[in-house]
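These notes are about the structure you will find just below.
Each value in this text was obtained by applying a stated rule to the coordinates, not by laboratory testing. All of these numbers come straight from a predicted model, not from anything done at the bench. Cβ placement follows ideal geometry from the backbone for every residue including glycine, while neighbour counts extend to all protein chains displayed.
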Amino acid sequence: MAVLAVVAAALAVVALAVAVLALRRTASATRRRSRRRVPADLDAVARAVSDLRVESTRALRHLAVVRYDAFGDMGGHLSWSLAIVDDEGDGVVLTAIHGRSDTRTYAKNVSTWESSTQLSPEEAEAIALSRR
């Protein structure tokens, strides 16, 4: 019986040694594979982030609205000017002038924070506010 216990213990030690070696091999293979993949993945992520930065400068993300009374006899600030521009100051100013019987709308191009068309004070204010 004692011999059988010694053989079983020896087999258990051998099995444990084999398991430890297999685990080490698997862990080192996983580390080697992950080391190879990470730079390629990081390069792809870095390229994607760089592309997004370039694209985002052209996004119309600077907005400002100025509401006002276009005519002295009307209240409620129903007229408005809206500036929508990108990081470089290119975009558009939209204006709606509300009167008693009608509303007129206007669109003016904006290039480098200025317009080639004459701007009303409210349109110029909307562009200035969107620049902040």
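It is to be established whether one or more residues within region 82-93 are surrounded by fewer than 17 Cβ atoms within 10 Å (Cβ to Cβ), out of contact with any Ser or Thr (no Cβ under 8 Å at 6 or more places or on another chain) and closer than 23 Å to residue 132 by Cβ. Yes, there is a match, as at least one residue in region 82-93 is surrounded by fewer than 17 Cβ atoms within 10 Å (Cβ to Cβ), out of contact with any Ser or Thr (no Cβ under 8 Å at 6 or more places or on another chain) and closer than 23 Å to residue 132 by Cβ. Restricting the first member to region 67-94 and to residues that are on the phi > 0 side of the Ramachandran plot and in contact (Cβ under 8 Å) with a residue 40 or more places away in the chain, and the second to residues that are among the charged types (D, E, K, R) and surrounded by fewer than 16 Cβ atoms within 10 Å (Cβ to Cβ), the beta-carbon pairs closer than 8 Å and six or more apart or on different chains are 89/114; 89/131.
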